[in-house]
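The values are calculated or read from the model by the stated rules, or taken from the named source; none is laboratory data. These numbers come from a predicted model, not from an experiment. Cβ atoms come from the backbone with ideal geometry, glycine included; neighbour counts cover every protein chain shown. Keep in mind that these areas ignore ligands, DNA and RNA; they rest on the heavy atoms of the full protein, side chains included. Shrake-Rupley method; radii C 1.70, N 1.55, O 1.52, S 1.80 Å.
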Amino acid sequence: MKITFKYDNYWDYETMTEKLEELKALYPEVISLESLGKTKEDKSVWAVTLSKGDKDPKDKPAFYIDGNIHAGEVTGSMCAMYVIDALCTGNNEEDIDYLLRNYTYYVLPKLTPDGSDYYLHTANKLRSVNKVYPKETEKGLVAKDMDGDGVIRLMRFKSNQGAWKISKENPRLMEGRLPQDFKGPFYHVVTEGEVKGNFSLGLVTNKSPWGYDFNRNFPFGWYDEKRQPGSGEYPLVHDETKLMADFILSHPNIGFVNALHTSGGVFIYPPGTY
Ligand SMILES: [Zn+2]
């Protein structure tokens with residue numbers, strides 16, 4: 001398959017936008033680019049239309065693809081970009097020419113540009129977007145890159161109640177404490193971070209403060225926080241999910257939807273959850 005770019009690293013919003021502009025300059029007869037709207041950080045949610053020939057793209061059956069609705073699923077965005085690239089670059093090949101003349105492809109390659117950039121440029125993990133939800137952590141252990149090496153690792157601290165001990169064979173390794181281990185020192189092993197508030201026994205590791213899950217914010221099957229964590233205050237509360245829903249509703253020629261995620265290695269058909 002012919003492609004224009006190399007796929008050997010993950011593209012943030014700025015790089016991806018440059019690549020889209022480049023494809024548009026190279027293949028103006030195939031690709032058009034539309035900003036559906038802006039995010040809180042003033043980034044566009046891009047919608048790409050791929051089509052060839054005289055027919056209006058809206059008058060042909062369409063295949064819809066989106067990626068990176070979850071911030072860390074940057075491979076989803078790269079996959080979507082690869083599809084765009086392959087359809088543009090190979091558009092003179094007989095089979096791709098046929099597809100582009102008879103069908104329309106809509107691709108939204110990065111549904112959460114803010115969250116995805118936060119994931120790529122900081123050590124943090126987050127579900128969809130870097131907006132605090134449901135509420136700021138008040139006490140407990142909060143994951144944080146304390147030594148500034150760009151990765152949140154594990155850390156240990158001494159405690160008589162600790163479930164871990166240092167390996168005799170390799171002092172860099174921790175081993176589980178056994179029932180017959182009475183003599184310390186023993187350690188707790190926890191995520192790298194800082195403790196907020198007082199604690200003695202029962203240190204609580206807090207969840208990521210960015211709990212919004214865009215994929216749980218759609219009107220179909222929406223439930224509140226207790227049953228569906230991350231669902232948000234109400235369906236389509238986010239700019240990003242609203243823009244996506246409006247795009248799909250305004251393109252009734254869409255006959256197939258492929259949402260690219262990164263877990264499981266499976267195809268999940270609706271209605272489905274896990
Ligand atoms: Zn996902």
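Would you be able to say whether some residue in the stretch 127-139 is closer than 30 Å to Ala86 by Cα, buried (at least 18 other Cβ atoms within 10 Å of the Cβ), modelled with pLDDT of 90 or more and not hydroxyl-bearing (Ser, Thr, Tyr)? Break it down stepwise before answering.
Residues of the stretch 127-139 closer than 30 Å to Ala86 by Cα: 127-129.
With the extra rule that they be buried (at least 18 other Cβ atoms within 10 Å of the Cβ), the set shrinks to 127-129.
Right, trim to modelled with pLDDT of 90 or more and you get 127-129.
Keeping just the survivors that are not hydroxyl-bearing (Ser, Thr, Tyr) gives 127, 129.
Within the stretch 127-139, one or more residues are closer than 30 Å to Ala86 by Cα, buried (at least 18 other Cβ atoms within 10 Å of the Cβ), modelled with pLDDT of 90 or more and not hydroxyl-bearing (Ser, Thr, Tyr).
So which residues in the stretch 213-227 are touching a Ser or Thr at 6+ places or on another chain (Cβ under 9 Å) and either farther than 15 Å from Tyr133 by Cα or not aromatic (Phe, Trp, Tyr) (or both), if there are any at all? It would help to see each step written out before you state the result.
Step one: list which residues in the stretch 213-227 are touching a Ser or Thr at 6+ places or on another chain (Cβ under 9 Å), which gives 213-218, 221-225.
Across the stretch 213-227, the qualifying residues are Asp213, Asn215, Arg216, Asn217, Phe218, Gly221, Trp222, Tyr223, Asp224, Glu225.
Of all residues in the stretch 54-95, count the ones that are among the hydroxyl-bearing types (Ser, Thr, Tyr) and either part of a strand (DSSP E or B) or within 16 Å of the ligand (Cβ to nearest atom) (or both). Even if it seems obvious, please write down each step before you answer.
Start the filter on the stretch 54-95 by keeping residues that are among the hydroxyl-bearing types (Ser, Thr, Tyr), which leaves 64, 75, 77, 82, 89.
Within this subset, residues satisfying the condition of being either part of a strand (DSSP E or B) or within 16 Å of the ligand (Cβ to nearest atom) (or both) are 64, 75, 77.
Summing the residues that are among the hydroxyl-bearing types (Ser, Thr, Tyr) and either part of a strand (DSSP E or B) or within 16 Å of the ligand (Cβ to nearest atom) (or both) in the stretch 54-95 gives 3.
Answer with yes or no whether Pro235 is outside the structural domain of Ala71 (by TED's automatic domain parsing) and either in contact with a Phe, Trp or Tyr (Cβ under 9 Å, 6 or more places away or on another chain) or within 15 Å of the ligand (Cβ to nearest atom) (or both). Outline the logic, then answer.
Numbers: outside the structural domain of Ala71 (by TED's automatic domain parsing): no; either in contact with a Phe, Trp or Tyr (Cβ under 9 Å, 6 or more places away or on another chain) or within 15 Å of the ligand (Cβ to nearest atom) (or both): yes.
When the stated conditions are applied, Pro235 does not pass them.
Considering (1) modelled with pLDDT of 95 or more; (2) open to solvent by 40 Å² or more (accessible area, probe 1.4 Å), say which one Asn253 fails and leave the rest.
Of the numbered conditions (1) modelled with pLDDT of 95 or more; (2) open to solvent by 40 Å² or more (accessible area, probe 1.4 Å), the odd one out for Asn253 is (2).
Where in the stretch 169-274 are the strands (runs of 3 or more DSSP E), entirely inside, with at least 1 residues that are small (Gly, Ala, Ser)?
Values: elements: 174-176, 187-191, 193-196, 254-260.
Fully inside the stretch 169-274 and qualifying: 174-176, 193-196, 254-260.
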